[in-house]
Each structure stands twice: as structure tokens, then as C-alpha cells.
Amino acid sequence: MSVEYMGLSEIRGPLVVLDGVKDAFFEEIVEIKVNRKIRTGRIIEITGETVIVQVFENTDQFSLTNTRTRLLEKPLMMPLAKEILGRTFNGSGRPIDGLGDVFPEKQEDVNGKPINPVSRHYPRNFIQTGISSIDCLCTLIRGQKLPIFSGNGLPHDDLAVQIVRQAQLAEEDGTEFAVVFAAMGVKNDVADYFKRSFEESGVLDRVVMFLNLSNDPVAERIITPRAALTAAEYLAFEHNMHILVILTDMTAYAEALREISSSKGEIPSRKGFPGYLYSDLASLFERAGIINTSQGSVTQIPILTMPNDDITHPIPDLTGYITEGQIALDRGLNLKGIYPPVAILPSLSRLMKDGIGEGFTGEDHPDLSNQLFASYAKVQEVRSLASVIGEDELSAIDKEYLKFGNAFENQFLNQGKNENRTISATLSLGWQLLGLLPKEELDRVSPEILEKYYPKNA
């Protein structure tokens, strides 16, 4: 039997404090009645009989005397059914598409359950995004968590839309593929762009959208990725689907966490973020994976904007410790008009070695990828040298590297926003570009692969 409490002890922004509360538990959901309107919150701190409640909606018109609070004796649950595909929800998991409530097959705690490491399968089999720089050089593996490190003004929103539109399993094995897309702290026009793009491309029926807008309550932003991952886990592990989860922008999420931590009066860590930022991010990112009791999988692409393009900032820094690589976007490439502006040298996918090659993408893929990395690194050295002595003073082979570098950026990295390249087309293009260099320069490729795939007319 739930108990109702009258009045509040304190109101601190998105937080309210209650005294004299008995038998409460962490993450318990609370109903708050103000002027005949009911708002929802969750308990985020308990000290004796004093609890702090995080309110999902705003705390306008709250009164210390006339506010009624009722503890519901359960955590935040999300109603789930396969019919959530094609639906749009707000940041706390309520439908906002005008199609009514979800009739649930089951309800799950949005905080999720930890996956037993023993029950995990090692991620293999790649997901094709249709983007050459990712598929060839930073391959996304099913069950992996691979973030995109972007910056303000870079086209990460366009990249996210393109990945949602084009992503598919590399091979058809009878399982279904879908995308869970969660946007946190985005402006209204960006949210409209996401919805319009998915509708126009005809992929909305395989996308579950969660939208937390910039003018929505900060506290709701904390729930958004958890609700999205709960939906993903349900589709993956109950319906054996392969789910790609895209979370944007994790910087907005982390800043919301900082704001709430500050309201609680907690001692800040680096840049004012709470000391538990690492474990909080890990509680989200570690929900990716494959388990041995299901044929489905959850793959994550978190997107974050690095403040001042600083990769040592706490958000990208801690994200890099948890995830299995990163895809970095480069402002210099963006200024050259190259899309997507993926900086391949600081980018990597730690799991790609086990999901590419013969039986997965192509026997030439590992050697080709290694050689493209090595050759492009040499291009950067030559460009640095040319900036000192001038291009005219370069050796003949250095000039060939410059030619390769320009072609690599303009033909391989650069592609249209609606251009969907298969993995075979990407690998073929890579070999075509390596044909600009002499055979003896390709020392990262085995003689057998080089003889078989090096362009004959080079």
C-alpha cells in the first residue's frame, strides 16, 4: 500500500527534498500532485528518512506546503511490445506521435540488468553502414560499442541520419534488423530533421525514436538513453533482432548529469562533472553485446561533441576507456568540403580484426586497411615536409604520395549523403587508389594478396 506525503522540505531546481519518508528505495518512482496535475520523479538519494527526488518535468508552481507526493513502490518501468517499431517517444518513454499508448507484452525496468560476462558471446560479423571510411577502416562489429567523437558545427547529425538510413547486416541470416535512435538535448529543428529524414527515406517503420528536446526538463535527459536501451534489449533478446542503438548527444547527457549533481551539492571532479561520471557512462555503454540465450544483439554508436574539440575533455576521455575504439571527425577535412570528415589516423575499431577478412568481408580487407592507414600516415609526413621546403623540392615518390593523399580524401573518404557503398565497392575503390603508388611501397600487404588484387593497369 503506497503512502502519500503532504508538503516538501526543499525545492532545488529539478530536485525536491522530502523528510520523514520511510521504506523508500533507490530509483523508486514518485508521483507528485500539484494543482491537480501529476508529475513523475524518481528517488536518487536516501539519507535516513530524507529523500531527494529528481522530477522529470519542470518544478514550476511547486509549493512547499500544498504539494502531495506518493511513492509507487516500483522503479521506472517501460511498456514494451514489438509494435514500438516505427513509434516516437519522449525522453521518458511516453508516446508523442499521436498513435496512442503502447499495449505492453511486458514491462521492464529502464535501469536494465547487468549482463553476466559468462553469458556474453564475443562480437563478430560486421554491420555495413555504406560509408567507406567506417566499413573499411573502422569496421563496426555486431555487439560492439563504437562512439563518434565530433565537435560543434561538424555534420554528425547528417552522419547519424545516413547510418540509420543505410545500416544493414552484411549477410542475410533470417534475423531482423532495426535501429533505436535516441536524441538528447537537441533543438526542435534538429528533431524535425531527424523525423523528416527517416520518413522520407522509408526507414521509419524499423526505427524506434526517443526525443528529448533542448527545452525539455534536464532530469528527463538522464532517463532517455536508459529508456532507449531498454527498448533495444527487449527487441534483441526477446525477439532475436539485431539492434543498432544511436545515442546523440552524450555531451548533453553528461552536462545534465553535472547539473543534477551540482543541485545535490555533491563534490565535483574534473571540469565540475561528478566523480561517478565514468561508472554512470559505463552503466549505459556496457548494455551493448550478444548473449548466449538469444540470437539477437545490441550494437551502440554513441555520438558526442567534444567541447573546444578537446579529446582530453572528461566526456570523450572517459568514453574512450569504456568503448571499443572511436570514430573521430576532423574540422580540417570538413573545411575542405569532405563528407563525412572522418579523421582516420586517430580513429580505430578495436574489434574489427575479428569481424573482417575471409568469411566476413573479404580476404583482402585486413591487408588493404593496414596499407591505407600506413600510406595515409606517410601522406601527412610528406605534407609536413612540403610545408617547410615546398612541393617542388619533394622527391618523385613523395609527390606520388601527395597525389595519393588528395585522391584518397576526395574519392574514398568523401561520398554523398545519399551514397550507399557496398563493402565490395569500398574494397575495390581502396585497391584502385593504392594503384597510384608503386608496388614496392605497399609493404603492409602480403605478396599473395598484392599479386591478386593490385590493379593490373597501375
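Read-outs throughout are calculated quantities, based only on the coordinates presented, and are distinct from any laboratory measurement. Fair warning: this is a prediction, and the values are worked out from it, not measured in the lab. Don't worry about glycine lacking a Cβ; one is built from the backbone with ideal geometry, like all the others, and counts go over all protein chains shown.
Using packing as a proxy for protection, rank 60-71, 277-288 so that the peptide with the highest average count of other Cβ atoms within 10 Å comes first. The partial results should precede the final answer.
Values: 60-71: 14.2, 277-288: 19.4.
Order by mean packing, descending: 277-288, 60-71.
Determine the dipole magnitude for the range 260-388: charges of +1 sit on the beta-carbon of Lys and Arg, -1 on that of Asp and Glu, nothing else is charged, the reference point is the Cα centre, and the result goes in debye to the nearest 20. Write out the running numbers ahead of the final one.
On the way: 10 positive and 14 negative charges, 93 e Å.
Once rounded to the nearest 20, the dipole reads 440 debye.
Please tell me which of these pairs span more than 27 angstrom C-alpha to C-alpha: Lys378/Lys439; Lys187/Lys417; Lys336/Lys378; Lys353/Lys403? List each step's numbers first, then the result.
Details: Lys378/Lys439 15 Å; Lys187/Lys417 21 Å; Lys336/Lys378 20 Å; Lys353/Lys403 29 Å.
Check vs 27 Å cut-off fails for Lys353/Lys403.
Which net charge results when you count Lys and Arg as +1 and Asp and Glu as -1 among the other residues whose beta-carbon is under 15 Å from that of Gly275?
Values: positive: Arg258, Lys264, Arg270, Lys271; negative: Glu45, Glu266, Asp280, Asp317.
Result for the local shell: 0.
Expressed as cubic angstrom per residue, what is the convex hull volume of the alpha carbon set of the range 78-354?
Numbers: hull volume 36.0 nm³, N = 277.
For the range 78-354, the hull spanned by Cα atoms encloses 130 Å³ per residue.
Could you list Leu229, Leu402 in order of exposure, starting from the residue whose Cβ has the fewest other Cβ atoms within 10 Å?
Numbers: Leu229 26, Leu402 15.
With the sparsest Cβ surroundings first, the list reads Leu402, Leu229.
Please compute P(r) over all alpha-carbon pairs of the range 248-398, binned at 10 Å starting from zero, and give each bin as a whole-number percent.
9, 27, 29, 22, 11, 3, 0
How charged is the neighbourhood of Gly151? Take every other residue with its Cβ under 13 Å from the Cβ of Gly151, and add Lys/Arg as +1 and Asp/Glu as -1. All intermediate terms of the calculation are to be shown ahead of the outcome.
Numbers: positive: Arg331; negative: Asp157, Asp249, Asp309, Asp310, Asp330.
Net local charge, Gly151 excluded: -4.
What does the charge count near Arg94 come to, summing +1 for each Lys or Arg and -1 for each Asp or Glu among other residues with Cβ under 12 Å from its Cβ? If you can, show how the numbers build up before the last one.
Numbers: positive: Arg87; negative: Glu57, Asp97, Asp101, Asp216, Glu220.
My count for the surroundings of Arg94 gives -4.
Below 8 Å, C-alpha to C-alpha, sequence gap of six or more: please give me the relative contact order for the chain in percent. Spell out each step's value before the answer.
Values: 912 pairs, mean separation 76.5, N = 458.
Relative CO of the chain lands at 17 percent.
Going by Cα centres, the range 349-384 and the range 268-289 are how many Å apart?
First find each Cα centre; the distance between them is then 31 Å.
Alpha carbon centre of the range 147-201 versus the range 208-249: separation in Å?
The two parts, judged by their Cα centres, are 13 Å apart.
Over what distance in Å are the Cα centres of the range 297-328 and the range 34-106 separated?
Here the answer is 29 Å between Cα centres.
Can you sort Ile223, Ile52 by how many other beta carbons sit within 10 Å, fewest first? Kindly include the intermediate steps, with their values, before the conclusion.
Values: Ile223 26, Ile52 22.
Listed from fewest to most nearby Cβ atoms, that is Ile52, Ile223.
With +1 on each Lys and Arg Cβ and -1 on each Asp and Glu Cβ, and nothing else charged, work out how big the dipole of the chain is about its Cα centre, in Debye to the nearest 20. It would help to have the intermediate numbers written out before the result.
Working: 45 positive and 63 negative charges, 155 e Å.
Using only the charged Cβ atoms, the result is roughly 740 debye.
Normalised by the number of residues in the range 29-158, what is the relative contact order in percent for Cα pairs under 8 Å and 6+ residues apart?
On the way: 144 pairs, mean separation 20.5, N = 130.
Reported relative contact order: 16 percent.
Order these peptides, 155-166, 333-344, by their mean beta-carbon neighbour count within 10 angstrom, highest first.
On the way: 155-166: 20.6, 333-344: 18.8.
Ranking the peptides 155-166, 333-344 by packing returns 155-166, 333-344.
Per-residue ellipticity at 222 nm for the chain, helices alone: DSSP H runs ≥ 4 residues times -39500 (n - 2.57), over residue total, nearest 500 deg cm²/dmol? Please report the intermediate quantities before stating the final value.
Details: 12 runs with 146 residues, N = 458.
After summing the helix terms and dividing by residue count, I get -10000 deg cm²/dmol.
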